[in-house]
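Q: A single structure is presented below for examination.
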Amino acid sequence: MSEAIDYRNLHTTGAITITGVSKSFGKHKALDNVSLALAPGSVTVILGPSGSGKSTLLRTINHLERVDEGFIQIDGEYIGYQRRGDKLYELKERAILRQRINVGYVFQNFNLFPHLTVLENLIEAPVAHRQLTRRAAIDRAGELLDVVGLRHKADAWPRHLSGGQQQRIAIARALMLNPRVMLFDEPTSALDPELVGEVLDVIKKLARSGTTLVVVTHEVGFAREVADNVVFMVDGRIVEQGSGSQVLNQPRHERTKRFLARVL
Ligand code: ADP
Ligand code: MG
């Protein structure tokens with residue numbers, strides 16, 4: 001992968017503020033009064049056992065999940081809501097979709113469209129939603145395929161790519177509309193071990209480019225290398241947060257210690 005990348009188009013710097021967010025599914029409290037302040041350009045890694053609410057937290061940042069209490073802001077703008085006086089009113093679907101343009105989302109299972117080539121996967125949404133002309137989308141896609149080192153695969157079909165390549169394409173696709181923040185939900189969990197590194201390398205490049213990243217992952221080595229903040233969740237709560245070295249080298253909470261002992 002070439003390192004000589006022009007990042008000026010990746011103006012993805014967004015402050016994320018999560019304030020007192022709770023979310024229940026039936027009687028089960030998946031998020032319990034979660035607050036977090038993430039600086040523009042920062043890299044946050046969220047760790048925690050399965051079922052601790054990591055995915056739910058990411059989904060609330062995008063208003064894919066409606067919060068029961070609290071609120072989320074990106075660059076001061078309420079996500080999913082509009083403030084009038086001291087009340088928040090839920091936005092209409094169109095306005096919510098417009099906000100989602102600012103948030104790139106990468107899932108565990110790539111989710112590329114199997115019937116579209118790599119290039120078509122990248123340009124589909126921006127062109128369909130009239131965010132970019134076809135010409136501009138193709139240019140942008142070329143730049144991003146360079147960022148992920150896969151320009152030579154522009155005309156390939158997803159099924160002919162390795163899992164690692166597919167995930168790198170999914171990352172490029174998420175960057176097409178210059179999101180202010182990028183959310184990754186276990187982006188390497190579905191990959192064979194030998195393919196994990198190439199995907200983490202792309203995310204590390206984004207980290208160095210000043211993009212605000214929130215990454216749910218069990219890759220503690222990655223967290224140690226690139227995270228400004230490490231957040232450890234248990235049962236819908238943040239039990240510990242701090243710098244990578246603090247949380248990973250000197251965990252204070254018993255659950256964090258046990259978790260790290262298991263994954264290291
Ligand atoms: P994690 O990503 O840390 O594994 P999740 O955020 O996926 O955890 O889930 C947190 C808890 O909320 C789990 O107990 C899960 O079963 C529950 N949960 C998540 N999404 C839903 C849903 N749509 N309906 C019901 N329960 C859910
Ligand atoms: Mg999850």
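Q: Relative to the Cα centre, what is the charge dipole magnitude of segment 118-264, using +1 at the beta carbon of each Lys and Arg, -1 at the beta carbon of each Asp and Glu, and rounding to the nearest 20 debye?
A: With Lys and Arg at +1 and Asp and Glu at -1, about 280 debye.
Q: Scan around residue 14 for amide H atoms under 5 Å from its own, H built in the peptide plane at 1.01 Å from N, and keep only partners 5 or more places away or cross-chain.
A: 41, 212
Q: Now for a different question. Considering the options 189, 199, 14, tell which one lies farthest towards the positive end of the dipole of the chain, charges being +1 on Lys and Arg and -1 on Asp and Glu at the Cβ, about the Cα centre.
A: 14
Q: Residue-wise, which Karplus ³J(HN,Hα) couplings in Hz belong to segment 135-140, taking 6.51 cos²θ - 1.76 cosθ + 1.60, θ = phi - 60°, and x for glycine or proline?
A: Per-residue couplings from phi come out as 4, 5, 5, 5, 4, 4 Hz.
Q: How large is ³J(HN,Hα), in whole Hz, for each residue of segment 44-55 in order, when computed from phi with the Karplus curve 6.51 cos²θ - 1.76 cosθ + 1.60 and θ = phi - 60°, using x for Gly and Pro?
A: Each residue of segment 44-55 in turn: 10, 10, 9, 10, x, x, 4, x, 7, x, 4, 5 Hz.
Q: Taking H placed 1.01 Å from N in the peptide plane, check which residues at least 5 places from residue 81 or on another chain put their amide H under 5 Å from its amide H.
A: Amide H neighbours of residue 81: 91.
Q: Something else: Can you pull the percent of segment 109-178's accessible area that's carbon plus sulfur, 1.4 Å probe, other chains left in place?
A: Carbon-and-sulfur percentage of accessible area, whole number: 51.
Q: If you wrap a convex hull around the alpha carbons of the chain, what volume per residue comes out, as a whole number of Å³?
A: So the per-residue Cα hull volume is 135 Å³.
Q: Calculate the length of the line joining the C-alpha centroid of segment 169-216 to that of segment 95-137, in whole Å.
A: So the two Cα centres are separated by 15 Å.
Q: Mind listing the long-range amide H neighbours of residue 117? Cut-off is under 5 Å, sequence gap 5 or more, other chains count too, H placed in the peptide plane at 1.01 Å from N.
A: Under 5 Å from the amide H of residue 117 lies no amide H from a residue far enough along the sequence or on another chain.
Q: Would you please state which residues of segment 44-79 a label at residue 253 would reach in this model, taking the label point 7 Å out along Cα→Cβ and a backbone N cut-off of under 11 Å?
A: 47-49, 52-53
Q: Separate question: How much area per residue is accessible in segment 119-204 when the probe is 1.4 Å and only protein heavy atoms are counted (Å²)?
A: Each residue of segment 119-204 exposes 42 Å² on average to a 1.4 Å probe.
Q: Can you pull out the trypsin sites (Lys or Arg not before Pro) in segment 109-165 whose DSSP state is coil and whose Cβ has at most 10 other Cβ atoms within 10 Å?
A: The qualifying sites are 130.
Q: List, in order, the whole-Hz ³J(HN,Hα) value for each residue of segment 159-164 obtained from phi through the Karplus relation with A = 6.51, B = -1.76, C = 1.60 and θ = phi - 60°; use x for Gly and Pro.
A: Listing the rounded values in order: 5, 8, 9, 5, x, x Hz.
Q: In whole Å and largest first, what semi-axes does the C-alpha gyration tensor of segment 109-178 yield when each eigenvalue is scaled by 5 and square-rooted?
A: Those come to 18, 12, 10 Å.
The values are calculated or read from the model by the stated rules, or taken from the named source; none is laboratory data. Please read all numbers here as calculations on a predicted model, not as lab measurements. Here the Cβ is made from the backbone with ideal geometry for all residues, glycine too, and neighbour counts use every protein chain on show. Areas reflect the complete protein model, heavy atoms only, side chains present, ligands, DNA and RNA absent. Shrake-Rupley method; radii C 1.70, N 1.55, O 1.52, S 1.80 Å.
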